[in-house]
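This report concerns only the one structure given below.
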Amino acid sequence: MNADRPAWEQLSAVRVLSPVQPRKLAKVPFVEMAEGRLQGVVSSGSDIERVYVSSITAGTHTYNCSTNNNRPCGGLRGAPCKHLQSLADEAILQYGLDHVTRYLRVEGESSWDLMRNLSGGHESLPAAVVFSRFLRHLAYLELPGTGEPIAEMHWFPSLGAVS
């Protein structure tokens, strides 16, 4: 091991952050902070077969919400929609308020404050990348349980891999 680099940088597995609180996976089955955005998949409140890909960009605070086939959310009328609020709520449950507000570079004491303090407007972004990642995560859930290594998951985070 290289003494100049932290131990976690020298391993092929990283520590998984346990959720701060239990999440409502039926409403927001996928939430992540990646690619400079808080992003995820949010279930429709009116159609069980429809999902929305929602995102808030860190720093600029621009936001987007559309169906997985890039149809804009009808709730985006000059302000963030309820899907974005649900995304923020679940991100705070997953990562904690401090972590989310630091990542997005916005102040707030709650998810409502966070949404109210967003300084950007709507920015149209393609949903395909986030939705594809969500589908890939669903595929991992269908793999049979095993104690043996799974080749396609050699990169997957491991609990307890880093102390």
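The values are calculated or read from the model by the stated rules, or taken from the named source; none is laboratory data. It should be emphasised that the depicted structure is a prediction, and the values quoted were computed from it without experimental measurement. Quick reminder, even Gly has a Cβ in these numbers, built from the backbone with ideal geometry, and neighbours come from all protein chains shown.
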**Report entry** Filter pass, Val31 being more than 15 Å from Ser111 (Cα to Cα), in a strand (DSSP E or B) and either modelled with pLDDT under 95 or of a type outside the set (Asp, Glu) (or both)
**Finding:** no
Query raised in the report: Restricted to the stretch 128-144, and to residues that are surrounded by 11 or more Cβ atoms within 10 Å (Cβ to Cβ) and of a type in the set (A, V, I, L, M), which residue is nearest to Val53 (Cα to Cα)?
Result: Val130
Query raised in the report: Does the stretch 72-86 include one or more residues that are surrounded by 11 or more Cβ atoms within 10 Å (Cβ to Cβ) and at positive phi?
Result: no
Query raised in the report: How about the stretch 94-111: which of its residues are part of a helix (DSSP H, G or I) and among the acidic types (Asp, Glu)?
Result: Asp98
Report task. State which residue is nearest to Asn117 (Cα to Cα) when the search covers only the stretch 34-61 and only residues that are aliphatic (A, V, I, L, M) and in a strand (DSSP E or B). Result -> Ile56
Query raised in the report: Is it the case that some residue within the stretch 107-127 is closer than 15 Å to Val31 by Cβ, crowded, with 19+ Cβ neighbours inside 10 Å and touching a residue at least 40 places away in the same chain (Cβ under 8 Å)?
Result: yes
